[in-house]
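This report concerns only the one structure given below.
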Amino acid sequence: MKLIVANWKMQLGLRASVDLAVSVKAAAAKSSAQVIVCPSFTALDAVGRRLAKSRIALGAQDVFWQAVGAYTGEISPLHLGELGVEYVLVGHSERRALGETDEQVNKKVITSLHAGLTPIICVGETKPERQAGKTALRVARQVKAALKGLQTRAKERLIFAYEPVWAIGSGNSAAMSDIVRVHEHIRRTAMQSVKGIKFKQIQVLYGGSVDGKNAKDFLLHDQIDGLLVGGASMSRASINSIIAIC
Ligand code: PGA
């Protein structure tokens, strides 16, 4: 079963999020995909209510690394869980660009798992890193850092999204051969980093300028467990056609 994650970023308000969720719900009902929608924090509750009893799961776009405490303005993984959130994006490159470090990503992964959320850990190289031939090194470093000190229980899952920074929102997706190579590398690195973790506990998605036209090629590939879609996930026609491919 392929995973389709829709990241609505900070683009849609409450009404637009609910409207889009209703449309995605109808598309998902006819597909075998596991669909996860990640609206703004402020729309999580309303979208979650609309998606109750559907096959779509709710995801948050970020989370804080402590469960409770005096942290004004932060969002607890426990409080996300109360809203029915099951997944959380961690370390998206747009957050890393605002200063999020590998260390913070690691703490968010651990706290999310403790709170019963499944982290979707975003990794990927920048254009200069790619040009310098450092993609594998960069991605492995991010994966190892994100999983430092982690122990998983058998029922827990780790989802990675390989999102080359230069591909996000650019209209240029990565080449299939590069994606497949990096996906294998991510899986291998993750399996080496977490003692006892099983193959089936890890899923690796691709993200970066996925649209209704190129999604099929990605989804046909065994090494690609699904897609993290930004821009195209906010167009009804595009997201529904991506879901329909599954
Ligand atoms: P994009 O964004 O699909 O617009 O490239 C992907 C993402 O930011 O997760």
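No value in this document is a laboratory result; all are computed from the given coordinates. Remember, predicted model here, so these are calculated numbers, not experimental data. Backbone-built Cβ (ideal geometry, glycine too); neighbour counts: all protein chains shown.
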The lone exception for Thr111 - which of (1) of a type outside the set (Asp, Glu); (2) more than 16 Å from the ligand (Cβ to nearest atom); (3) in a loop (DSSP other than H, G, I, E, B) it fails: (3)
Hits in region 175-202 (condition: in contact (Cβ under 8 Å) with a residue 24 or more places away in the chain, under 17 Å from Ile110 (Cα atoms) and within 19 Å of the chain's Cα centre (by Cα)): Ala190, Gln201, Ile202
Some residue of region 163-173 being in a loop (DSSP other than H, G, I, E, B) and within 22 Å of Leu117 (Cβ to Cβ): yes
One residue from Ala154, Ala174 being within 16 Å of the ligand (Cβ to nearest atom) and more than 20 Å from Val37 (Cβ to Cβ): Ala174
Close pairs from region 217-232: first of a type in the set (Gly, Ala, Ser), partner more than 8 Å from the ligand (Cβ to nearest atom) and part of a helix (DSSP H, G or I), Cβ under 6 Å, at least 6 apart: Ala232/Ser238
Any pair with Cβ under 6 angstrom, 6 or more apart, that starts in region 147-173 at a residue that is more than 16 Å from Ser233 (Cα to Cα) and ends at one that is of a type in the set (A, V, I, L, M) and assigned to a strand (DSSP E or B): Leu158/Ile202; Ile159/Ile120; Phe160/Ile121; Phe160/Val204
Filter result (in a helix (DSSP H, G or I) and either under 15 Å from Pro164 (Cα atoms) or within 14 Å of the ligand (Cβ to nearest atom) (or both)) within region 187-240: Ala215, Phe218, Gly231, Ala232, Ser233, Met234, Ser238, Ile239
